[in-house]
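Have a look at the structure below before the remarks.
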Amino acid sequence: MPVIKSSAAPTFELPQLSVLGLAAPSRGARETCVWRITLAPETPGTPHSIDREEIFVALTGAARVELGGEDHALAPGDALIVPAGQSFSLSNPGSEPFTALAMVPVGGRALLSGGEPFSPPWVL
């Protein structure tokens, strides 16, 4: 069983989003990908979907989720389960960073509105 030290895990930077890739096939995972996200304060949501179930566990800060036409709050310790194919967005309207762990089965692909399915680099 490989141990992935957070200090050695790859980091992926997008505007207002940092992703720390923890478990993925390139790091020894065979069934589940796990990464830690950090959403900067005042980050709007980006509607998208994943073709596999995705789970988030809030660690710090607060976030808002739009899922299935409903708005939800996420606080530390809360879990969010996004069904496969369901469009959702995760935003941080607050003044503090929001961090969460996210998990998806290996092979999960994302889809942005009007785009083609793709594999984010942190799940490879």
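Just so it is clear, none of the values below were taken in a lab; they were calculated from the coordinates. All figures in this text were calculated on a predicted structure; none of them were measured in a lab. Backbone-built Cβ (ideal geometry, glycine too); neighbour counts: all protein chains shown.
Quick notes on this structure:
- Unique match (being outside any strand (DSSP E or B) and surrounded by 13 or more Cβ atoms within 10 Å (Cβ to Cβ)) among ILE55, ILE4: ILE4
- Members of the range 85-124 that are out of contact with any Ser or Thr (no Cβ under 9 Å at 6 or more places or on another chain), small (Gly, Ala, Ser) and surrounded by 17 or more Cβ atoms within 10 Å (Cβ to Cβ): ALA102
- Residue within the range 44-51 that is free of Cβ contacts under 8 Å to residues at least 24 places away in the same chain and among the charged types (D, E, K, R) present: no
- Complete set of residues in the range 70-124 that are of a type in the set (S, T, N, Q) and either over 13 Å from the mean Cα position of the chain (by Cα) or not in a loop (DSSP other than H, G, I, E, B) (or both): GLN86, SER87, SER89, SER91, ASN92, SER95, THR99, SER113
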